[in-house]
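Report on one structure; see the data block that follows.
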Amino acid sequence: MRRALRLAERGRGRTAPNPPVGAVVVSDGEIVGEGWHQGAGRAHAEVEALAAAGARARGATIYLTLEPCTHEGRTPPCAPQLVESGIARAVIATTDPNPIEVGAGVRALAGAGIEVRTGLLEEEARSLIQGFAKWIKTRTPFVTVKIASTLDGRVAAADGSSKWVTGLASRRDAHRMRAWSNAVVAGIGTVLADDPALTCRLRGYTGPQPLRIVVDSAARTPLTATVLDDAAPTLVLTTAKASEESVQAIRARGAEAVRVPALEGRVDLAALLQELGSREITDALVEGGPTLIGDLVERRLVDRYVFYIAPKLLGQVGLSAIAGLVAPNIADARELTITSVRRTGADVKIEARPRV
């Protein structure tokens, strides 16, 4: 199953709106076929694994990171193909979070006489499909907020400089998160201050670039901004207060510019997530500044936080990571559950989720 999970990881950032899935066929203790889902409309992982195994699939065991589908989508359902292959046993890490599919694949296999076991390495498997699991139920993406800060919670110095708060290992890890996301989101403040590229620039990376999202209520994105180059597609989300001239100028640079509803004069972030969900974006990485992140936190729209914390201090004149959030006492603080802590070079990476 660990091999199947490693295969599934290859599909992260490539398969939306489908989940990344891996499959391994084992006969007499030997791997005879394996596969991973490489994109919507392409063969599912189990179909690839069965094709690789050929006749040796008969009587074998298949390890699947996700329950096989039973409905017709962009490709034929997988469960009937498993039955036809002669597979004798299926070990499935987790059931399908799709409300119309959950348990159906397991029942189809068991009803055909295949021995089925579920729950092996389930937590790891579920973490791989968290974006799909949210999108299939809400039609909005799983939102990860990335914050790179000093030990005292500052993301930039008093003069506005922020390159580089964290070290090279943390920045490489953040690029890996970009590769695993369908969209990278930044606010106009970040675009104006840092002119970020918002692309994955890992050495040797050849996968798809995430859609770059600029949250820009008045369409102030400079026409010379790096996010308007042709390294990746860009969507500027603005509001009715943006001039038609500014919107058309952005479009002339090759980017999309779309007006969405406003809330208190700024892009309504709930509407932003609905727009991304309508585009089948399942995983959105927010690399915004304090204002955008503060608005997301205030409206409880964050699913996961990733903090990269550098062993540096900037003091009270530095720029705080989150603006606007006011907790007058400890009882009003937003509580998080820490799910992971590890070193990234000289820094510390902490992953956390809002406490329910």
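Laboratory data are not the source of any read-out in this text; all were calculated from the coordinates shown. Treat the numbers as computed from the prediction; the structure is a model and nothing was measured. Positions of Cβ are generated from backbone atoms using ideal geometry, with glycine treated the same way; all protein chains shown enter the neighbour counts.
Of the Cα atoms belonging to region 1-130, the radius of gyration and Dmax stand at 12.8, 36 Å.
Dividing the Cα radius of gyration of region 231-356 by 2.2 N^0.38 Å, with N the residue count, gives 1.27. The relative contact order of region 1-130 comes to 22 percent, based on Cα pairs under 8 Å that sit 6 or more residues apart. In region 1-130, taking the dipole from charged Cβ atoms about the Cα centre, the farthest positive-side position among 60, 95, 32 is held by 32. Of the peptides 188-199, 306-317, the order by per-residue mean of other Cβ atoms within 10 Å, starting with the highest, comes out as 188-199, 306-317.
3J(HN,Hα) along region 300-313: 6, 10, 9, 9, 8, 10, 10, 9, 9, 10, 8, x, 9, 10 Hz, from the Karplus curve 6.51 cos²θ - 1.76 cosθ + 1.60 with θ = phi - 60°, whole Hz, x for Gly and Pro. Distances between placed amide hydrogens fall under 5 Å for residue 236 paired with 214, 256, 257, 258, all partners being 5 or more residues away or on another chain. Here the simple spin-label model places points 7 Å from the Cα toward Cβ, and for residue 243 and residue 231 these points are separated by 2.9 nm. Peptides 144-153, 324-333, ordered by how many other C-beta atoms sit within 10 Å of their residues on average, highest first, read 144-153, 324-333. The ranking of 349, 137 from fewest to most other beta carbons within 10 Å of each one's beta carbon is 137, 349. Amide H to amide H, with H built 1.01 Å from N, residue 22 comes under 5 Å of 8, 65, 66, counting only residues 5 or more places away or on other chains.
The mean sequence separation of alpha-carbon pairs under 8 Å and at least six residues apart, normalised by the residue count of the chain, gives a relative contact order of 16 percent. Here residue 300 and residue 329 are evaluated by their C-beta separation; at R0 = 22 Å the FRET efficiency comes out at 0.70. Note on residue 88 and residue 346: the extension gain reaches 88.0 nm, defined as 0.36 nm multiplied by sequence separation minus the Cα-Cα distance. With Cα atoms as the point set, region 111-255 shows a radius of gyration and Dmax of 19.3, 68 Å. Between residue 107 and residue 164, the FRET efficiency from the beta-carbon distance, with R0 = 56 Å, is close to 0.60.
Dividing the convex hull volume of the alpha-carbon atoms in region 218-268 by its residue count gives 65 Å³ per residue. Database remark: amide H of residue 263 closer than 5 angstrom to the amide H of 268 (H placed geometrically; neighbours at sequence offset of 5 or more, or on other chains; Pro and chain starts carry no H).
Stretched out fully, how many nm does the piece from residue 317 to residue 122 gain, at 0.36 nm a residue minus the Cα gap?
Length gained between residue 317 and residue 122: 65.7 nm.
Peptide packing for 104-110, 36-42 was compared via the average number of neighbouring C-beta atoms within 10 Å per residue; ordered from the highest value, the list is 104-110, 36-42. Its Cα centre serving as origin, the chain has a Cβ charge dipole (Lys and Arg +1, Asp and Glu -1) of approximately 540 debye.
Rounded to the nearest whole Hz, the Karplus-based 3J(HN,Hα) values (6.51 cos²θ - 1.76 cosθ + 1.60, θ = phi - 60°) of region 131-140 follow the sequence x, 4, 4, 6, 4, 5, 9, 10, 6, 10, with x at glycine and proline. Considering only 224, 237, 344, the residue lying farthest towards the positive end of the dipole of the chain is 344, judged by Cα position with unit charges set on Cβ. Evaluating 6.51 cos²θ - 1.76 cosθ + 1.60 at θ = phi - 60° for every residue in region 163-180, the Karplus couplings come out as 9, 10, 5, 9, x, 4, 4, 5, 5, 5, 5, 5, 5, 5, 5, 4, 4, 8 Hz, glycine and proline recorded as x. Counted by neighbouring Cβ atoms within 10 Å, the residues 282, 118 run from fewest to most as 118, 282.
Could you work out the helix-only [θ] at 222 nm for the chain, with each DSSP H run of four or more residues adding -39,500 (n - 2.57) and the total divided by the number of residues, to the nearest 500 deg cm²/dmol? -7500 deg cm²/dmol, from helical runs alone.
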